[in-house]
Amino acid sequence: MAQSLHLISRSPSPSLPSPKPSFTTSRKPSLSLRHPLRRRISAILVSHNGKTPSAALETAAGIDVDAATEAEMKENGFRSTRRTKLVCTIGPATCGEEQLEALAVGGMNVARLNMCHGTHEWHRSVIRSVRRLNEEKGFAVAVMMDTEGSEIHMGDLGGAAPSTRAEDGEIWTFSVRAFNSPLPERTITVNYDGFAEDVKVGDELLVDGGMVRFEVIEKIGPDVKCLCTDPGLILPRANLTFWRDGSLVRERNAMLPTISSKDWLDIDFGIAEGVEFIAISFVKSAEVINHLKSYIAARARDSDIAVVAKIESIDSLKNLEEIVRASDGAMVARGDLGAQIPLEQVPATQQKIVQLCRQLNKPVIVASQLLESMIEYPTPTRAEVADVSEAVRQRADALMLSGESAMGQFPDKALTVLRSVSLRIERWWREEKRHETMVLPDIASSFSDSISEEICNSAAKMANNLEVDALFVFTKTGHMASLLSRCRPDCPIFAFTNTTSMRRRLNLQWGLIPFRLTFSDDMESNLNRTFSLLKARGMIKSGDLIIAVSDMLQSIQVMNVP
Ligand SMILES: Nc1ncnc2c1ncn2[C@@H]1O[C@H](COP(=O)(O)OP(=O)(O)O)[C@@H](O)[C@H]1O
Ligand SMILES: C=C(OP(=O)(O)O)C(=O)O
Ligand SMILES: [K+]
Ligand SMILES: [Mg+2]
């Protein structure tokens, strides 16, 4: 039933002779051929009957897939599953079990915890709720911990105040002193000790990248008096930047370590809780990523935590390529990025980061303000929909909600908007065949890696040309799955992996539908077993055309599901 192209042995090594392709063909007659090419293929296949898959007796429980994805596959057919992944920041609006479940049902692939806010106790309770949901209701939601980083930000507003307003012409005090709650009127604390020394009279102080603006008018010891020049809402722990003569001022704060001592404690917490991703704020160089990766490797022996570099500063743009190469993924953190570079440069910068990540085979998340107005309103602005569409069109791996899901009034609706816009734009691009051909440079570092890369590039191309229903990849490390995802093929990619943590981790990557399945090195038996398990679950049917690749036996097999 299969046509396969086997490229060399099970564990290729650089010393092996150049690959000699060998073809094996077999066949099962298929009635569901829609494409002329399929008819040709089945015609040259040779009969391969009489083999009953032993796995037919196995129960459907032998395979795990995210419950939300399974529901979507059954509803829309698997060619129409969403390829763009969705990350939701969890906050007071969504930390309850029911709210988390609603997000999981709504398509949340990754739950993000921003360590700028909340206690370890609060975060632990959210992580455990997510784990419980996964176990009890069959979701595969991964957890991403996002460090606070050494940014300058305001403290809490004192007491229970969720927000406050600064009006035009008001004088506010920004202070590095510690106050008892409640704070004196029109006073804001700042987390960076050097603040009062670094600012100068005449500097412009931007809250949250310019949502509120002040001008420094006087310095009195630890207190900085500022005049409000652009009124607006001030949220607790909002980020602060100061500008002099039109440029961002980076005094001693530029020397602060990327990972602060508080961040290290948070990272230890994340490792202990077994999060799948750690996102590092305000990354300046590859060095810090390498350092963190060895720290994790030494401490989290059996779990492999992926490190995501947040691109949100001028320094991170300067060292972009080396940072992305060192990381397991990147985030276009447009909130702070837009406070550090002129706003009109943000779109081009986003496109550049998304493209680079895909070229280097690293998942990339587009974050912040995608649906900002939905914090307060139940429908997005048309401009926000256009922004989401653009990120989907750029084929970013994932889109992220921040305030919309953390503290907004319509978290589920915001997620629904991301989901429906993603589906619609993806379909439109597939139907119109509007592929932007992207040069994917060779990235392999060894001969064996090169084989994997070539196999995945060819398999993805074949999948498009033959209009197959799905690509199957059996992968232990996730590498082959990500190489297929990198090609952004027209069909979904079923990624079979044998650990739950790898399955959750793959959930961030474009087009991958991760399954957990125990499999062997014998591809024939893996495939037979997978087919019967998936058929029993109603996820595939006889006659579906698939291409299978694997990182145990480096091969491409084209076949109809028996
Ligand atoms: N764990 C949390 N506890 C309380 N509030 C939170 C939490 N996470 C996020 N928020 C709220 O959601 C807003 C948006 O989230 P996010 O963009 O991640 O943070 P920030 O605005 O600090 O960059 C925050 O400003 C904060 O008001
Ligand atoms: C995602 C971002 O980081 P944070 O929300 O932690 O500031 C951002 O700045 O866009
Ligand atoms: K953060
Ligand atoms: Mg940020």
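Annotation note: Cβ proximity below 8 Å between a residue of the stretch 362-391 that is without any contact (Cβ under 8 Å) to a residue 40 or more places away in the chain and a residue that is surrounded by fewer than 18 Cβ atoms within 10 Å (Cβ to Cβ) and among the aromatic types (Phe, Trp, Tyr) (sequence gap 6+ or interchain) occurs for no pair.
Right, residue 164: surrounded by fewer than 23 Cβ atoms within 10 Å (Cβ to Cβ), among the β-branched types (Val, Ile, Thr) and out of contact with any Leu (no Cβ under 8 Å at 6 or more places or on another chain) or not? Against the criterion (surrounded by fewer than 23 Cβ atoms within 10 Å (Cβ to Cβ), among the β-branched types (Val, Ile, Thr) and out of contact with any Leu (no Cβ under 8 Å at 6 or more places or on another chain)), residue 164 does not qualify. State the number of residues belonging to the stretch 177-200 that are more than 15 Å from residue 218 (Cβ to Cβ) and in a loop (DSSP other than H, G, I, E, B). Going through the stretch 177-200 one residue at a time, the tally reaches 13. Residue count for the stretch 340-361, restricted to those that are at pLDDT 95 or above and under 16 Å from residue 310 (Cβ atoms): 8. Among the conditions (1) buried (at least 17 other Cβ atoms within 10 Å of the Cβ); (2) in a helix (DSSP H, G or I); (3) out of contact with any helix residue (DSSP H, G or I) (no Cβ under 8 Å at 6 or more places or on another chain), the only one that residue 264 does not satisfy is (1).
Within the stretch 266-294, residues that are free of Cβ contacts under 8 Å to residues at least 12 places away in the same chain reach no partner that is open to solvent by 10 Å² or more (accessible area, probe 1.4 Å) and among the polar types (S, T, N, Q) with beta carbons closer than 7 Å at six or more positions or on different chains. Within the option set 532, 520, 555, being in contact (Cβ under 8 Å) with a residue 60 or more places away in the chain and out of contact with any helix residue (DSSP H, G or I) (no Cβ under 6 Å at 6 or more places or on another chain) holds for one residue only, 555. When the residues of the stretch 116-149 are filtered to those that are at pLDDT 95 or above and either of a type in the set (Gly, Ala, Ser) or in contact with a His (Cβ under 7 Å, 6 or more places away or on another chain) (or both), which remaining residue is nearest to ligand 1 (Cβ to nearest atom)? Looking at residues that are at pLDDT 95 or above and either of a type in the set (Gly, Ala, Ser) or in contact with a His (Cβ under 7 Å, 6 or more places away or on another chain) (or both), I get 125. Can we say residue 467 is closer than 27 Å to residue 279 by Cβ, acidic (Asp, Glu) and either open to solvent by 60 Å² or more (accessible area, probe 1.4 Å) or away from ligand 3 (no atom under 16 Å from the Cβ) (or both)? Spelling it out, it is not the case that residue 467 is closer than 27 Å to residue 279 by Cβ, acidic (Asp, Glu) and either open to solvent by 60 Å² or more (accessible area, probe 1.4 Å) or away from ligand 3 (no atom under 16 Å from the Cβ) (or both). Is it true that residue 156 is within 16 Å of ligand 1 (Cβ to nearest atom), open to solvent by 30 Å² or more (accessible area, probe 1.4 Å), in contact (Cβ under 8 Å) with a residue 40 or more places away in the chain and closer than 30 Å to residue 107 by Cβ? Considered against the rule, which asks whether it is within 16 Å of ligand 1 (Cβ to nearest atom), open to solvent by 30 Å² or more (accessible area, probe 1.4 Å), in contact (Cβ under 8 Å) with a residue 40 or more places away in the chain and closer than 30 Å to residue 107 by Cβ, residue 156 comes out as no.
Of all residues in the stretch 134-143, none satisfies being surrounded by fewer than 21 Cβ atoms within 10 Å (Cβ to Cβ) and either within 21 Å of residue 222 (Cα to Cα) or within 16 Å of ligand 3 (Cβ to nearest atom) (or both). When residue 243 is tested against the conditions (1) over 22 Å from the mean Cα position of the chain (by Cα); (2) within 16 Å of ligand 2 (Cβ to nearest atom); (3) among the aromatic types (Phe, Trp, Tyr), the lone failure is (2).
The values are calculated or read from the model by the stated rules, or taken from the named source; none is laboratory data. Model, not experiment: these values are computed from the prediction. Please note: Cβ atoms are built from the backbone with ideal geometry, for glycine as well, and neighbour counts cover all protein chains shown. Side chains included, ligands, DNA and RNA excluded: accessible areas come from the protein's heavy atoms. Shrake-Rupley method; radii C 1.70, N 1.55, O 1.52, S 1.80 Å.
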